[in-house]
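Notes follow the structure.
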There are 2 protein chains.
Amino acid sequence: MSESTDNYLKHLFALSQHNQAGISTSALAQKLDTRAASVTGMLKKLHRDGLVLHTRYKGTVLTARGRRIAAAIVRRHRIWECFLADYLGFGWDKVHDMAEKLEHVQSEELIDRLDQLLGFPTVDPHGDPIPGKDGKLPAASGQLALSETRPGDRVIIRGARSESPDFLQHLSSIGATPGVALWVKQVLPFDRSVVVRIKNNLHTLSAVAAAALVVSKNRMP
Amino acid sequence: MSESTDNYLKHLFALSQHNQAGISTSALAQKLDTRAASVTGMLKKLHRDGLVLHTRYKGTVLTARGRRIAAAIVRRHRIWECFLADYLGFGWDKVHDMAEKLEHVQSEELIDRLDQLLGFPTVDPHGDPIPGKDGKLPAASGQLALSETRPGDRVIIRGARSESPDFLQHLSSIGATPGVALWVKQVLPFDRSVVVRIKNNLHTLSAVAAAALVVSKNRMP
DNA sequence: ATTATTTATTAGGAATGCCTAATTTTCTAT
DNA sequence: ATAGAAAATTAGGCATTCCTAATAAATAAT
Ligand SMILES: [Mn+2]
Ligand SMILES: [Mn+2]
Ligand SMILES: [Mn+2]
Ligand SMILES: [Mn+2]
């Protein structure tokens, strides 16, 4: 298991959280900041090694074994983030990059003792849940619908509560996809539409849309 | 800077401590557990990059730049070992392998904050000195191997010249850990084994073990 | 349904870093 | 001085992991 395969599994795991279907090669390439061709090559190896199921031109899903390993990586990442924040005083804008390296140190005993030192935290400094030793993620906390936010809030998009292609396509067209930051500018009183800013562009989401868009006030791993 | 080059520099640094002349390719290969041919190839790259001076068929010495980087790696390694021992309760036979990975996480701020958390230690759990931020190694004074002592001497254990978990675990099992007092009872003539008393118990250490156990005759450093 | 566009895969190649086997240089012992 | 041994290097490969360019498949538009 190399750092590279670790990162592939970790991002597949993250993308799987808000994707029913298989993960697309391009989505993974984007997360990993590599080219799609490289991703295809790696997916073939992960498939050969029984960590993912990859169907040519379709998509990729983690196997139980791949998911178990990925959860362990995310667990390490987030426990290290807790340590960096709680014991070394780093802010949540600093902890991620360091944890990005520390997560690859494979020692279960090391992580278990860190976990104990930290008092068995359940969320990392970004509010994201820490997988348990069994690989299970505590139910996502700190998530809410965009309709529950108030003007001034800065949130991160987590996903959608609808599979409606129309709705999802509309969100994509305005750049509202998981991981993207969103500023709540105002909530129109007469129909509760929400005006938001996404990357310097203003967009208006209906109350129905806002109720179906899941956001959180925290960052991702 | 890869983990590989890190390890080359680190071992060159360690070998330089007890070697006036340039380091031989085979000595380095042995420490790194690789083949001499691989070492030659890497040395050419390190030379090209200005980290070592390598003279064909002669030997290799670190440049000032190479030495500075190597000292930083050793500093990280030993500070991590202190953390693992002091905060996570790992024994000196366990810390080395984990630090072997942690040392490659490159963040000066991370190490400086760890250093502060630990109270700026000057030696690691094996009694080895921790290079300062300037790359300077505190000189170990009054230290000698147990094999250099004579019956009747009373010494304090300072550390070990091996990271072998088997060896360190054995020492721990007889109570021979840094700071502990030890009386030299006799040196067996036929194989130079050393019989010592530790807290009212007699133990016999082979000549090989005695040569790897570092002690001092003075109280505290 | 056919074409155009987007997405994904294959082909071919580069950099690392390791290996074994062959060769060259240096050292040692006669 | 010279043969033999030891040490180091070069030659030739292999596995990873990434890249760009060319091709193929799937999806969207007409
Ligand atoms: Mn990472
Ligand atoms: Mn996080
Ligand atoms: Mn290492
Ligand atoms: Mn040590």
TODO: Answer yes if at least one residue in region B:29-47 is open to solvent by 30 Å² or more (accessible area, probe 1.4 Å), part of a loop (DSSP other than H, G, I, E, B) and out of contact with any helix residue (DSSP H, G or I) (no Cβ under 9 Å at 6 or more places or on another chain), and no otherwise.
DONE: yes
Open item on the list: Take B:GLY142 and tell me if it is under 20 Å from the mean Cα position of the chain (by Cα) and either within 30 Å of B:THR63 (Cα to Cα) or open to solvent by 30 Å² or more (accessible area, probe 1.4 Å) (or both).
Closed with: yes
TODO: Kindly indicate whether any position in region B:154-161 is free of Cβ contacts under 8 Å to residues at least 60 places away in the same chain and over 30 Å from A:LEU88 (Cβ atoms).
DONE: yes
Task: Leading residue by the ranking (nearest to B:ILE73 (Cα to Cα)) among those in region B:1-32 that are within 15 Å of DNA strand D (Cβ to nearest atom), in contact (Cβ under 8 Å) with a residue 12 or more places away in the chain and within 14 Å of another protein chain (Cβ to nearest Cβ) - done: B:GLU3
Open item on the list: One residue is enough: does region B:72-90 have a residue meeting the conditions within 11 Å of chain A (Cβ to nearest Cβ) and small (Gly, Ala, Ser)?
Closed with: yes
- [ ] Could you look through region A:1-28, keep only residues that are modelled with pLDDT of 95 or more and not in a helix (DSSP H, G or I), and pick out the one that is surrounded by the fewest Cβ atoms within 10 Å (Cβ to Cβ)?
- [x] A:SER2
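The values are calculated or read from the model by the stated rules, or taken from the named source; none is laboratory data. Bear in mind the structure is a predicted one, so any value in this text is a computation, not a measurement. As a convention, Cβ positions derive from the backbone with ideal geometry for all residues, glycine included, and neighbour counts pool all protein chains shown. Calculation scope for accessible area: heavy atoms of the full protein, side chains included, ligands and nucleic acids excluded. Shrake-Rupley method; radii C 1.70, N 1.55, O 1.52, S 1.80 Å.
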